[in-house]
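The values are calculated or read from the model by the stated rules, or taken from the named source; none is laboratory data. Not measured: the values here are computed from a predicted model. Reconstructed Cβ throughout: ideal geometry from the backbone, glycine too, with neighbour counts over all protein chains shown.
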Amino acid sequence: MSSRAVPSRVLGIDPGSLVCGYGVVLADGDRLHYVECGVLTAPADWPMEARLGEIARSLGEVIAELRPTEVAVEDVFSRINTRSALALAQARGMALAVVGLAGLGVTSYTAPLVKKAVVGRGRADKTQVARMVQGLLGLGSLPRADAADALAVAITHARVRAPTSARLAPAVVRATGS
């Protein structure tokens with residue numbers, strides 16, 4: 001009888017009121033497989049409620065099409081100006097509502113934790129994150145910054161949820177040279 005975990009489709013979301021990044025990975029133990037990533041946008045000259053409504057509609061379509069089993073969202077970064085933090089919090093709330101309407105739960109991760117999980121240090125820049133995402137998922141080109149951030153959130157969640165043995169196995173293989 002196998003104790004192998006069931007593969008999970010993890011949707012990572014990098015919320016925004018103008019651009020919302022999304023990325024889906026299939027997490028199978030310690031293996032990650034790229035599924036899809038992209039950005040959802042709304043015109044900058046639209047009022048906030050219209051932009052959020054458009055992004056919410058598009059995010060609902062992504063969830064219906066890609067059928068994630070788990071969702072992870074980046075937390076609001078607190079060291080930005082108040083106006084930016086409020087807009088980001090509104091976009092994050094919209095994303096949480098769309099996910100909730102789809103009947104899915106959400107796990108949140110801070111930006112420094114995502115950077116540490118993907119790059120190895122919590123103060124990595126966006127280019128470093130995008131390059132590591134590209135390498136970890138075997139992508140032919142760098143994803144757009146918001147999509148790379150969303151994939152990084154999905155990768156973080158997949159690594160956190162993996163059984164301890166799956167998280168340790170790659171390190172043991174590297175350490176022993178096997």
Check your understanding: Taking the range 18-39 only, how many residues are more than 13 Å from ILE155 (Cα to Cα) and in contact with an Asp or Glu (Cβ under 8 Å, 6 or more places away or on another chain)?
Key -> 4
Review point. Which condition breaks for ALA130 when tested against (1) under 16 Å from the mean Cα position of the chain (by Cα); (2) modelled with pLDDT under 95?
Key: (2)
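Residue-wise test of (1) exposed (fewer than 15 other Cβ atoms within 10 Å of the Cβ); (2) in contact (Cβ under 8 Å) with a residue 40 or more places away in the chain; (3) not aromatic (Phe, Trp, Tyr).
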residue	(1), (2), (3)
ALA102	no, yes, yes
GLY105	yes, no, yes
ALA111	no, no, yes
LYS115	no, no, yes
VAL118	no, no, yes
ASP125	yes, no, yes
GLN128	no, no, yes
ALA147	no, yes, yes
VAL153	no, yes, yes
Study note, to complete from the structure: A careful count of residues in the range 105-150 that are within 14 Å of VAL71 (Cα to Cα) and either basic (Lys, Arg) or assigned to a loop (DSSP other than H, G, I, E, B) (or both) gives 1
Practice item. Filter the range 73-104 for residues that are modelled with pLDDT of 95 or more and not in a helix (DSSP H, G or I) and give the result. Key: VAL73, ALA102, GLY103, LEU104
Review point. Quick one: how many residues across the range 14-52 are free of Cβ contacts under 8 Å to residues at least 12 places away in the same chain, of a type outside the set (D, E, K, R) and assigned to a helix (DSSP H, G or I)?
Key: 1
Check your understanding: Taking SER8, is it surrounded by 14 or more Cβ atoms within 10 Å (Cβ to Cβ), over 19 Å from MET132 (Cα atoms) and hydroxyl-bearing (Ser, Thr, Tyr)?
Key -> yes
Point to revise | Residue check, THR110 at pLDDT below 95 and touching a strand residue (DSSP E or B) at 6+ places or on another chain (Cβ under 9 Å) | key: yes
Study note, to complete from the structure: Within the range 60-85, the residues that are free of Cβ contacts under 8 Å to residues at least 24 places away in the same chain and surrounded by fewer than 14 Cβ atoms within 10 Å (Cβ to Cβ) are GLU61, GLU65, SER78, ARG79, ILE80, ASN81, THR82, ARG83, SER84
Check your understanding: In the range 18-47, what count of residues is obtained for those that are loosely packed, with under 15 Cβ neighbours inside 10 Å and closer than 19 Å to SER84 by Cα?
Key -> 5
Exercise for review: Might you let me know whether the range 4-11 holds any residue that is assigned to a strand (DSSP E or B), touching a Leu at 6+ places or on another chain (Cβ under 6 Å), touching a residue at least 60 places away in the same chain (Cβ under 8 Å) and under 20 Å from ARG144 (Cα atoms)?
Suggested key: no
